[in-house]
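The values are calculated or read from the model by the stated rules, or taken from the named source; none is laboratory data. Bear in mind the structure is a predicted one, so any value in this text is a computation, not a measurement. Cβ placement follows ideal geometry from the backbone for every residue including glycine, while neighbour counts extend to all protein chains displayed. Keep in mind that these areas ignore ligands, DNA and RNA; they rest on the heavy atoms of the full protein, side chains included. Shrake-Rupley method; radii C 1.70, N 1.55, O 1.52, S 1.80 Å.
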Amino acid sequence: MPAPCELERLLRGASLRVTRPRVAVLAAVHDHPHADTNSIIGLVRDDLGEVSQQAVYDVLRALTGAGLLRRIDPPGSVARYESRVGDNHHHVVCRSCGAIGDVDCTVGAAPCLTAADHRGYAIDEAEVVFWGLCPGCSTAHTPEHTH
Ligand SMILES: [Zn+2]
Ligand SMILES: [Zn+2]
């Protein structure tokens, strides 16, 4: 995890005022890539004490809008956040437990996929979600197994 001064530098670089909730949310997402909102709220509360859900939502929106966090919305899952931004990487999602991992760009640089028929759109990004079972789930023999 980056040092607090590094997180403050990221905020200032994005023209955001440095506040404790912003630093705490950034730190939580750096430490827990692909965390969902509820986990982030829990982590921030561990760090700062009582913080309203709305305050965390507002910070997540501000940080995502400023490009410091990336929001991913796997179909059928709640929104997740990560601090690895700007490289157009993709995700692998476990159908069983919902674990998410990073997958580098499929072929070279963005957009990394060429649509067979781009329908006249100027395409600059392709977002791919790979679905399957994580190692923990694929080796589990009992269907009721959870992590
Ligand atoms: Zn799994
Ligand atoms: Zn990721």
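General remarks:
- Using alpha carbons only, the radius of gyration of region 51-97 set against its Kirkwood radius gives Rg/Rh = 1.02.
- Ranking of Y57, Y121 by solvent-accessible surface, largest first: Y121, Y57 (1.4 Å probe, protein heavy atoms only, all chains present).
- Modelled label reach - Y57, point 7 Å along Cα→Cβ, region 18-38 residues with backbone N closer than 15 Å: 37-38
- Heavy-atom surface analysis with a 1.4 Å probe gives the chain a carbon and sulfur content of 52 percent of its accessible area.
- Cα-centred dipole magnitude for the chain, charges only on beta-carbon of K, R (+1) and D, E (-1), debye, nearest 20: 360 debye
- R0 of 22 Å, Cβ-Cβ distance R9-R71: FRET efficiency to nearest 0.05: 0.50
- In units of the compact-protein estimate 2.2 N^0.38 Å, the chain shows a Cα radius of gyration of 1.18.
- Cα-centred dipole magnitude for region 30-97, charges only on beta-carbon of K, R (+1) and D, E (-1), debye, nearest 20: 260 debye
- DSSP beta bridges fully contained in the chain are about 70 percent antiparallel.
- Listed peptides 62-69, 47-54, 132-139 by packing density, highest first (mean Cβ within 10 Å): 62-69, 132-139, 47-54
- Annotation note: trypsin sites (Lys or Arg not before Pro) in region 9-81 located in DSSP loop regions with a Cβ neighbour count of at most 15 within 10 Å are R17.
- Accessible area per residue for region 1-72, computed on protein heavy atoms with a 1.4 Å probe, is 53 Å².
- Region 26-79: radius of gyration and largest Cα-Cα distance (Dmax), Å: 10.8, 32
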